[in-house]
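K.L.:
Below is one structure. I have some questions about it.
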Amino acid sequence: MTIAVEAESQSLWHHPNFPKLWASETISQFGTQFSGLGIPFTAALLHATKLDYGILFGSAQLPFALFALFVGVFVDRHRRKRIMVSANIGRGILLALIPLAFVTGWLGRLGMPLLYTVSFLVGLLTVFFDVSYQAILPSLVERSQMAEGNRRLETSRSTAQVFGPSIAGIVVQIITAPVAIAIDALSYIGSASFLSLIRSEETIQARAHSVMHDLKEGLHVVLSNRLLRSIAGSTGTSNLFSNALFVSAFAYLVNELGFTPGLFGLIFTLGSTGALLGVFVSSKLARRIGVGRAIVVSMIAGGLGATPFLAVSPSLGYSVLKIGPLWILGTVQFDMNSALLMVAFFITAFSSVVYNINQVSLRQAIVPLRLQGRMNASMRWIVWGTLPLGSFLGGGLAELFGSRTAIGIGVIGGALAFLWVLLSPVRSLETIPEQLE
C-alpha cells in the first residue's frame with residue numbers, strides 16, 4: 001500500500017502539467033488573502049453600514065447565480081486553459097483599479113459603487129475560472145489520481161488560509177487596505193503566467209446542440225442523480241446560512257467590537273490550521289468509515305462548529321493575552337471573543353476540507369469528461385447561487401433586527417444542512433462508484 005501511494009504521488013509531481021496548475025493555484029490562493037481582507041476593510045474606511053457589507057459580499061457572488069449555467073456550456077465548447085488565463089489577467093486588472101483610485105484620490109468620490117462594481121466583475125470572471133478549473137483536472141491526470149490531485153490542490157488552498165491571513169492582516173494595517181489589494185492583483189498575473197505553460201490536448205465538444213439544450217443537459221446530470229442532488233442541496237443550504245452568518249458577524253465584529261485587520265488575520269491563521277489537518281485525514285477518514293459517512297459527518301461537524309459565534313459579545317472583550325506591543329501590529333488584544341472565533345474557524349475549516357475533498361472527487365469520478373464543465377457549472381449555480389442570497393439575507397437581517405439575531409439565524413440554519421446527505425444514498429457509500437453512463 002505504501003509503495004502504491006508513493007508511486008502515485010511521484011507520478012503526479014513528475015506529471016508534465018499538474019505542477020504548473022498547482023503553482024498557479026498556490027500563487028492565486030495566497031494573493032486572494034490580501035483582497036479577502038483588503039476589500040471589506042476598504043469598505044470600513046468608507047464607513048460602510050451593515051447593509052453595505054451585505055451588498056458588497058453579495059455583489060461578488062451574484063454572478064454565480066446569474067451566469068454559472070451559461071458559463072458551463074461555454075467552458076465545454078472552448079479551451080479551458082485559455083479561459084483560465086484570460087480570467088486571471090482580467091481579475092488582476094480589475095482589482096488594480098481600487099489601489100489606483102486610492103492613490104489618485106478618487107476612492108472617496110467613487111465610494112462603495114466602485115467596490116460593488118469591481119467585486120461583481122471579478123466575481124463574473126471567477127465563475128469562468130472556477131468552472132474551467134474543476135473541469136480541467138480530469139483532463140490533466142488519470143482517474144485514479146484525481147483524489148490525490150484534489151488533495152494537493154486543497155493543501156495549497158488550506159496552507160494559504162493558514163499563513164495568508166496573518167500576513168495579509170499585517171500588510172493591510174501597514175500599507176492600508178486599498179493598497180494591499182494590489183498584491184492580489186499582481187498574484188493573478190503571476191498565476192496566469194504559470195497556467196499559460198500548460199501543454200495538453202483538450203477535447204472540444206462539437207456544437208451539435210443549442211445552448212439551451214446543453215444547459216438543460218448539465219442541470220439534468222445533477223438533478224437526476226440522487227448523489228449529486230443531495231450534495232448540491234446540502235452544500236447550497238450550508239453556503240446560504242454560513243454566508244448570512246459571516247456578513248452579519250463581520251459587521252458586528254468590526255463596527256461594534258472594533259476588530260482590526262491584524263486581529264482578523266491572527267484568528268484566521270490560528271483557526272485555519274484545521275484545514276491543514278483536514279487535508280491529511282480526509283482520505284484516511286474516507287477509507288476508515290466510508291466515503292459517504294465521511295461526507296455526512298464532516299457536514300454535521302461543520303454546522304456545529306459555528307456555534308461559538310453565538311457566545312461572542314462585548315462582555316467577553318477583556319484581554320486574556322496581549323501580543324505586543326509590536327512595531328507592525330501595535331498591541332493585539334486577543335480576548336475571549338477571539339478565542340471563541342478561533343475554535344469556530346478551526347472546526348469549520350477542518351470539516352469543510354474533509355467534505356470538499358471527498359464530495360468533489362465523487363462528482364468528478366462519476367460524471368463523464370464531456371459533461372464535466374456543465375456538471376460543475378450546474379453544481380456551482382446551485383451551491384454558489386445561494387451565496388449572494390446569504391449575503392443579502394445577513395446584511396438585511398442585521399440591519400433590521402440587529403447583528404446578534406442575524407448571527408443566530410445563520411448558525412441554526414447552517415447546522416441543519418447535513419440532513420440532505422444524511423437522508424440520501426450518499427450516507428451508505430463505502431467507496432466512490434463507477435462513472436455514470
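The values are calculated or read from the model by the stated rules, or taken from the named source; none is laboratory data. Note that the structure is predicted; figures quoted are calculated from it, not measured. Positions of Cβ are backbone-derived with ideal geometry, glycine not excepted, and every protein chain shown enters the neighbour counts.
K.L.:
If you scan the stretch 298-314, which residues turn out to be surrounded by fewer than 20 Cβ atoms within 10 Å (Cβ to Cβ) and within 21 Å of Pro425 (Cα to Cα)?
P.N.:
Residues satisfying the conditions are Ile300, Ala301.
K.L.:
Check every one of the helices (runs of 4 or more DSSP H) wholly within the stretch 256-318 and list those with 3 or more residues that are farther than 23 Å from Pro165 by Cβ.
P.N.:
273-289, 291-304
K.L.:
Still on this structure, I have one more. Which ones in the stretch 398-437 are assigned to a helix (DSSP H, G or I), among the polar types (S, T, N, Q) and touching a Lys or Arg at 6+ places or on another chain (Cβ under 8 Å)?
P.N.:
Ser403
K.L.:
For residues in the stretch 181-203 being in a loop (DSSP other than H, G, I, E, B) and at pLDDT 85 or above, which is surrounded by the most Cβ atoms within 10 Å (Cβ to Cβ)?
P.N.:
Per the stated criteria, the residue is Ser196.
K.L.:
Would you confirm whether or not the stretch 406-419 contains a residue that is crowded, with 19+ Cβ neighbours inside 10 Å and aromatic (Phe, Trp, Tyr)?
P.N.:
Within the stretch 406-419 (the criterion being crowded, with 19+ Cβ neighbours inside 10 Å and aromatic (Phe, Trp, Tyr)), the answer is yes, since at least one residue qualifies.
K.L.:
Also, I was wondering about something else. Give the residue, chosen from Gly402, Gly390, Gly395, that is buried (at least 18 other Cβ atoms within 10 Å of the Cβ), modelled with pLDDT of 85 or more and more than 16 Å from the chain's Cα centre (by Cα).
P.N.:
Gly395
K.L.:
Residues that are modelled with pLDDT of 90 or more and under 30 Å from Pro178 (Cβ atoms): which helices (runs of 4 or more DSSP H) entirely in the stretch 1-117 hold 3 or more of them?
P.N.:
Result: 18-45, 50-77, 80-103.
K.L.:
With respect to Phe246, is the statement that it is assigned to a helix (DSSP H, G or I), at pLDDT below 90 and surrounded by 15 or more Cβ atoms within 10 Å (Cβ to Cβ) true?
P.N.:
So Phe246 does not fit the description; no.
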